Each structure stands twice: as C-alpha cells, then as structure tokens.
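Asker: My questions will all concern the structure given below.
The values are calculated or read from the model by the stated rules, or taken from the named source; none is laboratory data. Since we're looking at a predicted model, the values are computed, not measured. Glycine also receives a Cβ, built like all others from the backbone with ideal geometry; neighbour counts cover every protein chain displayed. The protein model used for the area step is the full one, side chains on, heavy atoms only, and it has no ligands, DNA or RNA in it. Shrake-Rupley method; radii C 1.70, N 1.55, O 1.52, S 1.80 Å.
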Amino acid sequence: MYKRIVVLTGAGISAESGIRTFRDQDGLWERHHIEDVATPEGYARNKELVEAFYNDRWQQLLSAGVEPNPAHLALARLEKEFDGEFLLITQNIDNLHERAGSFKLIHMHGELVKGRCPQSGQTFLLTEPFGPDHLCTCCIPGQRLRPHVVWFGEMPLGLDRIQFALEECDLFIAIGTSGTVYPAAGFVDTANHHGAHTVEVNLAPPARDSEFQLHLTGKAGEIMPTLVGQILSGEKISGSC
Ligand code: BV8
C-alpha cells in the first residue's frame, strides 16, 4: 500500500512516558513564560534561569521510570520492518525515540542531552548540568555551552531533508502535536499538496478546520501498535484502530 512514510511527533507521544507536554493541563508553558526560557533573548537576559529550566528537564529524562512507551516502540518497529522509505521527524528534545530503536530520525528542535558551543556550533553529549563552568573544549578560551535546542525565532534543524521527504511521501502521520508551532504545523499542508494520505493521532478530537484527512482519537501508546500492524500488513489506514 504505502511506499514512502513520514511521521511527525510532538510532546504528546512522550506524555505516557511521564514527560510533561507544553500546552496540556499542568504543561510546561503553565510554569514558565516561553519568552523567558525558550528564546535567545531570554537566554541573553538570564542564562541561569534558562539553564535551570533545561537542567531540570535533563535530570527528569535521565531519571528511572522515564522509558520509551508502546508508541515509541511501534515507530521503531515500523522503521525496521517497513520495506519502503521511512523518516521520523520529532519536535521533541527527549531521546525516547532513539532509546526505542529509531534511527532514521531528525530532531528538528534539537536535543536535551546535548550542549552546543555558541562560537563553533559544535555539539557535546552532556555529562554534567549547564552552568558558568561548563565550557566547550573546541575553543580557547572555552565558551559556556548552551542547550542544543532550537528556541523560538531560531531556525529548526534538517528543514531541507524534511521538505524533500514531505514532497515525496504517500503517507504522513502526525502524532501527539497540537499543531501550534511553525514550520512543523505546516508540514501537513505540504503533504496534502503532494497527494499524501494525511493522518493525525491525538488525545483530543481535531480542530474543526483541521487539514488532516483522517483523525484517530486516543492515546498514542494505545493506537500506534495497531496502526503500525495495519501499515505493515499492506492495508490502507482506516478509522478503526
Ligand atoms: C522559526 C524547543 C524561522 C524548546 C520548541 C516571531 C518571531 C520568530 C518566529 C515566529 C514568530 N511568530 C511565530 C513564529 C514562528 C514560531 C512559532 O511557530 N510560534 C508559535 C508559538 C506561533 N516558530 C519558530 O520560532 C520556529 N523557528 O520560525 O524560524 C523560520 C523561517 C522560515 C522557515 C523556517 C523557520 C522555531 C520553533 C521551535 C521552538 N522550540 N521546542 C523546548 O522544547 O524547550 S517548540 C515546542 O513546541 C516543542 O518543540 C514542542 O514539541 C513544540 C510543539 O508543541 P507540541 O509538541 O505540539 O506539544 P503541545 O504540548 O503543544 O501539544 C501536545 C499535544 O499532544 C496535544 O495536542 C495533546 O492533545 C496531545 N497529547 C497529549 N497526550 C497524548 C497526546 N496525544 C496522543 N497521546 C497522548 N497520550
């Protein structure tokens, strides 16, 4: 049935792993102002506040009990067993997709487990929290590492590869995203425009004027294993999952 699949995930796919989303009840943006912790200006104003925001999330990600859930594992199975083209794009900065076994993966908003040198752009796997003494080793003198995260107003990563994949795909699935952040929120338009079947998996029913052709409403961890089974058996995705 399908030959080229593109999947986009958002914070909702990690919710069942215990990671807070942004805009749900008790979400991250209820506790912090975006402009203070997720913009270059906020970082320039108060590095310590932004470092604490990411250090807290990094510590939570490393803590016991935060594991890939059945939705992450289903996507890793799809990548492994699907005999066509596959690309997983995530807006998430956690590493649960990799830990589930996904490899054909683009972290378009960066990665929580890495720091970046502000001068060279080189990235470093974090072994200690961000702070004034956590310096890069690529410059002399060493520069204070920043989170390897795409803030609002900064260019997302991998957009050329993403654009090409969206134009070529025949199936586009968005999982656990509120579709409020661009350019990711516009990916469905590109997929629709190029004739793909567009499917959305979300806890909440779709917005009235949603662009997706099919909506599967429920928890990603419950829907994805069945959906992946349908795709791998060559079926066209239908409403019943
Ligand atoms: C860009 C990293 C230029 C940080 C994030 C003014 C100036 C500059 C730009 C703009 C501007 N005004 C608007 C813009 C564009 C801006 C934007 O879109 N703003 C919005 C607020 C309007 N975008 C940007 O700035 C981007 N850069 O535009 O550069 C450019 C120009 C041309 C072409 C390209 C680029 C950069 C945006 C990246 C910001 N960084 N993250 C961090 O993580 O700390 S965004 C942040 O929001 C996360 O990445 C997150 O993934 C993303 C989207 O949120 P969601 O993932 O959707 O999460 P959310 O909580 O919202 O929703 C969860 C969903 O899951 C819900 O629908 C819920 O129902 C569902 N759910 C919950 N549980 C489950 C579930 N579903 C299934 N199962 C469950 N169990």
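Asker: How large is the convex hull of the C-alpha atoms of the chain per residue, in Å³?
Answerer: 125 Å³
Asker: Here's a follow-up. At a probe radius of 1.4 Å, what is the per-residue accessible area of residue 62, in Å² to the nearest 10?
Answerer: 100 Å²
Asker: At a probe size of 1.4 Å, how large is the accessible area of residue 3, to the nearest 10 Å²?
Answerer: Probe radius 1.4 Å; accessible area of residue 3 about 130 Å².
Asker: Using only the Cα atoms of region 104-190, what do you get for the radius of gyration and for Dmax, in Å?
Answerer: In Å, with Rg to one decimal and Dmax whole: 16.0, 50.
Asker: Calculate one ³J(HN,Hα) per residue across region 15-29 by plugging θ = phi - 60° into the Karplus curve 6.51 cos²θ - 1.76 cosθ + 1.60, and present them in order as whole Hz with x for glycine and proline.
Answerer: Rounded to whole hertz, the list is 4, 6, 8, x, 9, 4, 7, 9, 10, 7, 3, 6, x, 4, 7.
Asker: Also: If one computes the Cα centroid of region 155-175 and of region 32-98, what distance in Å separates the two points?
Answerer: If we compute the Cα centre of each part, the gap is 18 Å.
Asker: Starting at the first residue of region 175-186, write each ³J(HN,Hα) from the Karplus equation 6.51 cos²θ - 1.76 cosθ + 1.60 with θ = phi - 60°, in whole Hz, x for Gly and Pro.
Answerer: Rounded to whole hertz, the list is 10, x, 9, 7, x, 10, 10, 9, x, 4, 5, x.
Asker: Something else now. Could you give the dipole magnitude of region 22-142 about its Cα centre, charging the beta-carbon of Lys and Arg +1 and that of Asp and Glu -1, in debye to the nearest 20? Please report the intermediate quantities before stating the final value.
Answerer: Values: 11 positive and 19 negative charges, 44 e Å.
Charge dipole of region 22-142: 220 debye, to the nearest 20.
Asker: Under a point-charge model restricted to the Cβ atoms of Lys and Arg (+1) and Asp and Glu (-1), what is the dipole moment magnitude of the chain relative to its Cα centre, in debye to the nearest 20? Each step should come with its number before you reach the end.
Answerer: Details: 20 positive and 31 negative charges, 55 e Å.
The dipole magnitude comes to about 260 debye.
Asker: If you don't mind, there's one more thing I want to ask. Given 117, 163, 206, which one lies farthest toward the positive end of the charge dipole of region 88-241, if we put +1 on the Cβ of every Lys and Arg and -1 on the Cβ of every Asp and Glu?
Answerer: Going by the charge dipole, the pick is 117.
Asker: How far, in degrees from 0 to 90, does helix 47-62 lean away from the longest principal axis of the Cα atoms of the chain, to the nearest 10?
Answerer: The angle comes out at about 50 degrees.
Asker: Nearest 500 deg cm²/dmol is fine: what mean residue ellipticity at 222 nm does the chain get from its DSSP H runs of n ≥ 4 alone, each adding -39,500 (n - 2.57), divided by its residue count?
Answerer: Working: 10 runs with 81 residues, N = 241.
Counting only the DSSP helices, I get -9000 deg cm²/dmol.
Asker: Can you sort 1, 224, 155 by 1.4 Å-probe accessible area, starting with the largest?
Answerer: Details: 1 115, 224 0, 155 140 Å².
So the residues, ranked largest to smallest area, are 155, 1, 224.
Asker: Next question. Heads up, I need the accessible area for residue 209: 1.4 angstrom probe, whole protein in place, Å², nearest 10.
Answerer: 100 Å²
Asker: Also, quick follow-up: Please give the helix 220-232 orientation as an angle from the longest Cα principal axis of the chain, in degrees from 0 to 90, rounded to the nearest 10.
Answerer: With rounding to tens, the tilt is 50 degrees.
Asker: Comparing 60, 143, 119, which has the greatest mean-square fluctuation in the GNM of the chain with Cα pairs linked when under 10 Å apart?
Answerer: 119
Asker: Under a 10 Å cutoff between Cα atoms, tell me which one of 55, 92, 46 has the largest fluctuation in the Gaussian network model of the chain.
Answerer: Residue with maximal mean-square fluctuation among 55, 92, 46: 46.
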